[in-house]
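Undergrad: My questions all concern the structure below.
The values are calculated or read from the model by the stated rules, or taken from the named source; none is laboratory data. Just so we're clear, the structure is a prediction, and the values are computed from it rather than from any experiment. Heads up, the Cβs are rebuilt from the backbone with ideal geometry, glycines too, and the neighbour counts pull from every protein chain shown. Only protein heavy atoms, including side chains, enter the accessible area calculation; ligands, DNA and RNA are left aside. Shrake-Rupley method; radii C 1.70, N 1.55, O 1.52, S 1.80 Å.
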Amino acid sequence: MSQKFHNLTTYSNVGQTIKLIRKKKNLSQGYVAADIPLSTYRKIENDVTIPTLVNFFSILSNLEISLIEFMYIHNKNRYITKERLLYTFKNLSHTLNKTKLKAFIKDCKQYLSFQTDQDIKNMLVAMEALQILDYENNREKAAEMCQAINNELKTKENWFYWDALVAQTIMLYLDNESADILASKIRDAFDYYDDLYPAKASKVRVLLNLAYCLKLNNDILSAEKQVDLALKESKNLDEKYLYYDALYKKAEILLAKDQRVEANRLAQESFDGLAFLNKREFLADNKADWEIMLKKYAK
């Protein structure tokens, strides 16, 4: 029985993309078809038939093009890949952009509509919980949504990269001790995958998320060690906004310690840096939080 490549059944005009790439590379139908009967190959190019898995990858090999690049061309950068969702999730899980969050949730649901993937399911749940936390300010409900994922991660001895990314988000709903243990495990996982996904910025994000968790637990002073480490590790990163975000969190801690002059200086330095980098979401979030903090610790 021939096995159809399941992703191709979801998208139309795959054959037209094969033809487009073949012509751009000035290759003949016979060359690309190789061992595939030419009559069958022509039906594939004309979208009369969908290629089998074996034939599809044979065609990609003869075109000298990767699957990711093929689907990128086919969908003109609109195709939803797991790698694309990974990239989006990495950036969304640190600061909340409501428009991008909605788009990410929609993309996850679309991705899951044509294939089963537990990693993407977990990311979807984690971000829907984050949406609940932001829209309804209901941390308890968000924690309940992520309980099954948390239980799974607790019993999982060896984590994959996706596990670490999801854990980085769900630790926002944990108690101090659990979140601290989770953060250490996440940073270890990022170190393990450093050759594939550079770990330095991701490890800083873990520290900043942990600091935010401690703040949500009304224990912001306990976050000073993590924030100081985040400042140190982010100082020379290309992702400069992480340094300025860490600087802001340091300002919050100093304000809680009643060191108001230095707190205000660091907060303003953070705002100026984020404004210069045009990180409007970070800037707006932090400025709004700062006003709340000033009222909370007003004399």
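Undergrad: Could you grab the pairs with beta carbons closer than 7 Å, sequence gap of 6+ or different chains, first residue in the range 21-40 and touching a residue at least 12 places away in the same chain (Cβ under 8 Å), second one loosely packed, with under 14 Cβ neighbours inside 10 Å?
TA: Note: pairs meeting the criteria are 29/38.
Undergrad: Here's a follow-up. Quick one: would you say residue 279 is touching a helix residue (DSSP H, G or I) at 6+ places or on another chain (Cβ under 9 Å) and open to solvent by 30 Å² or more (accessible area, probe 1.4 Å)?
TA: Details: touching a helix residue (DSSP H, G or I) at 6+ places or on another chain (Cβ under 9 Å): yes; open to solvent by 30 Å² or more (accessible area, probe 1.4 Å): yes.
Yes; evaluated as a whole, the condition is true for this residue.
Undergrad: Next up: When residues of the range 188-241 are filtered for being farther than 21 Å from residue 272 by Cα, open to solvent by 40 Å² or more (accessible area, probe 1.4 Å) and basic (Lys, Arg), how many remain?
TA: So the count comes out to 3.
Undergrad: Of 141, 100, 156, which residue is open to solvent by 10 Å² or more (accessible area, probe 1.4 Å) and either in contact with a strand residue (DSSP E or B) (Cβ under 7 Å, 6 or more places away or on another chain) or at pLDDT 90 or above (or both)? Walk me through how you get there before you give the answer.
TA: Details: 100 fails: either in contact with a strand residue (DSSP E or B) (Cβ under 7 Å, 6 or more places away or on another chain) or at pLDDT 90 or above (or both); 156 fails: either in contact with a strand residue (DSSP E or B) (Cβ under 7 Å, 6 or more places away or on another chain) or at pLDDT 90 or above (or both).
Of 141, 100, 156, the one residue that is open to solvent by 10 Å² or more (accessible area, probe 1.4 Å) and either in contact with a strand residue (DSSP E or B) (Cβ under 7 Å, 6 or more places away or on another chain) or at pLDDT 90 or above (or both) is 141.
Undergrad: May I pose another question? For the condition open to solvent by less than 60 Å² (accessible area, probe 1.4 Å) and among the acidic types (Asp, Glu), what is the one hit in 119, 134, 35? Explain how you work it out, then say what you get.
TA: Working: 134 fails: open to solvent by less than 60 Å² (accessible area, probe 1.4 Å); 35 fails: open to solvent by less than 60 Å² (accessible area, probe 1.4 Å).
Among 119, 134, 35, only 119 is open to solvent by less than 60 Å² (accessible area, probe 1.4 Å) and among the acidic types (Asp, Glu).
Undergrad: Looking at 101, 130 in this structure, which one is more than 18 Å from residue 186 (Cβ to Cβ) and in contact (Cβ under 8 Å) with a residue 12 or more places away in the chain? Lay out the reasoning, then the answer.
TA: Details: 130 fails: more than 18 Å from residue 186 (Cβ to Cβ).
Answer to the selection: 101.
Undergrad: Return yes or no: is residue 111 free of Cβ contacts under 8 Å to residues at least 40 places away in the same chain and open to solvent by 40 Å² or more (accessible area, probe 1.4 Å)?
TA: Working: free of Cβ contacts under 8 Å to residues at least 40 places away in the same chain: yes; open to solvent by 40 Å² or more (accessible area, probe 1.4 Å): no.
No, not satisfied.
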